[in-house]
Amino acid sequence: MSRTAFLNIIVIMYSNNNSFIIERGISLNKLTVAVIFGGQSSEHEVSRVSASTIISNLDPEKYYVIPVGKTKDGKWMIYYGPVENIKNGEWEKFGTPAVLSPDASQKGLLKTVGGKVKLIPIDLAFPVLHGKYGEDGTIQGLFELAQIPYVGNGVLSSSISMDKAFTKIIAKNAKIPQAKYVEVHSEDLKRIKTTASKIEKKLGYPCFVKPANAGSSVGITKAHNKEELMEGLKVAAVHDSKIVVEEGIVGREIECAVLGNRGHVEASCVGEIFSAGEFYDYDAKYNNAESKTVVPAEISPEKQDEIRKMAVKVFNAVDGSGLARVDFFVENETENVIFNELNTLPGFTPISMYSMLWAACGKSTAELLDNLIELALERFSL
């Protein structure tokens with residue numbers, strides 16, 4: 001079978017009471033994996049590209065893959081067809097409505113065809129839903145209800161890590177160095193001048209204004225003065241009712257990938273981000289070819305070890321499992337390592353750092369996906 005297309009070969013079996021049909025892929029001892037992509041967040045397009053990479057690299061000798069997309073308005077559909085249509089968005093024209101059953105006795109997808117409900121059993125879910133409802137613990141809770149093993153972090157670690165304010169509380173408790181910050185809520189914007197004055201007094205300029213629950217640098221602005229700060233607060237409030245404002249750190253942007261479950265977590269080599277813009281926002285990340293990443297980063301072995309150890313410490317502090325990308329700053333003047341953010345569902349696009357870091361360690365994308373699936377099954381069996 002080509003890695004760029006799928007053939008839907010099925011066996012139909014009627015239940016005893018004829019109330020539903022069980023539809024099974026002819027797996028020949030393959031693991032049936034539902035790759036779930038799209039979603040309702042601002043990272044919908046990024047998710048589709050990540051899913052295309054994952055589907056194309058899952059070994060067809062090991063896995064029977066069922067692509068399951070979520071439209072921007074939240075509609076679930078099973079899609080069988082060229083992977084390219086997932087990337088360009090054309091998949092929606094050919095999808096069949098379906099939902100993941102929360103019934104633990106079914107462990108599968110339900111789709112209605114010709115007045116009959118078809119049950120499609122799955123062995124494992126591979127969520128590739130970036131942002132809201134995808135990496136915030138929401139869909140992970142659905143997998144838990146359905147008792148279906150799934151790749152990545154659990155409900156608690158996903159929800160904590162999605163919220164930048166809660167991540168900072170955990171990091172502080174674990175004595176992990178991080179930038180000074182101020183937490184702001186939407187009601188604080190009713191007194192926006194007073195709020196901005198308090199922020200600038202504590203943090204100074206420049207500072208970064210971030211929605212607490214958003215990824216891919218969506219809604220982030222850099223403020224150099226009070227007017228820009230107030231405007232940045234308004235921009236962030238469009239994306240979330242909670243906002244985190246951080247002091248600006250002058251230093252190198254370093255990222256590290258982690259892989260594993262508690263008790264055995266590996267950290268990759270580290271990479272460095274060079275943004276074409278003033279900072280690494282959504283446009284610089286995905287739309288500006290001048291931005292670049294260097295893997296491995298040109299950094300001393302001692303500093304790299306320090307970063308790798310801190311990445312594992314952060315991952316364990318949030319009770320992580322499966323995978324994460326941990327972002328840091330290395331200050332120019334002091335060379336101190338400062339924790340920035342934790343991403344529990346990093347991208348798998350051609351420019352995404354997570355798979356690039358493991359590739360630099362000699363691990364191909366196909367091997368990495370095998371590892372993630374093995375870790376998911378291991379965690380579910382505990």
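Observations on the structure shown:
- Modelled FRET efficiency - R0 25 Å, Glu144 with Tyr80, Cβ distances, 0.05 increments: 0.35
- Extension gain for Arg191-Lys309 works out to 38.3 nm (0.36 nm per residue, less the C-alpha to C-alpha distance).
- Charge dipole (debye, nearest 20) of the chain; +1 at Cβ of Lys and Arg, -1 at Cβ of Asp and Glu: 1000
- Diffusion constant of the stretch 10-150 at 20 °C, which comes from Stokes-Einstein with the Kirkwood Cα-pair radius and 1.002 mPa s, µm²/s: 141
- Calculated FRET efficiency, Glu298 to Glu183, Cβ-Cβ distance, R0 = 25 Å: about 0.10 to the nearest 0.05.
- Considering only Leu233, Ile78, Leu31, and ranking their Cα positions along the charge dipole of the chain that arises from unit charges at the beta-carbon of Lys, Arg, Asp and Glu, the one farthest toward the positive end is Ile78.
- Evaluating 6.51 cos²θ - 1.76 cosθ + 1.60 at θ = phi - 60° for every residue in the stretch 95-107, the Karplus couplings come out as x, 10, x, 7, 9, 7, 6, x, 6, 5, 7, 9, 6 Hz, glycine and proline recorded as x.
- Packing-based exposure ordering (other Cβ within 10 Å, fewest first) of Ile78, Ile66: Ile78, Ile66
- Potential extension, Leu382-Glu227 segment - 0.36 nm per residue separation minus Cα distance: 50.5 nm
All of the numbers you see were taken from the coordinates with simple rules; none came from a lab. Computed from a predicted model, the values in this text were never measured in an experiment. All Cβ positions, glycine included, derive from the backbone under ideal geometry; neighbour counts span all protein chains shown.
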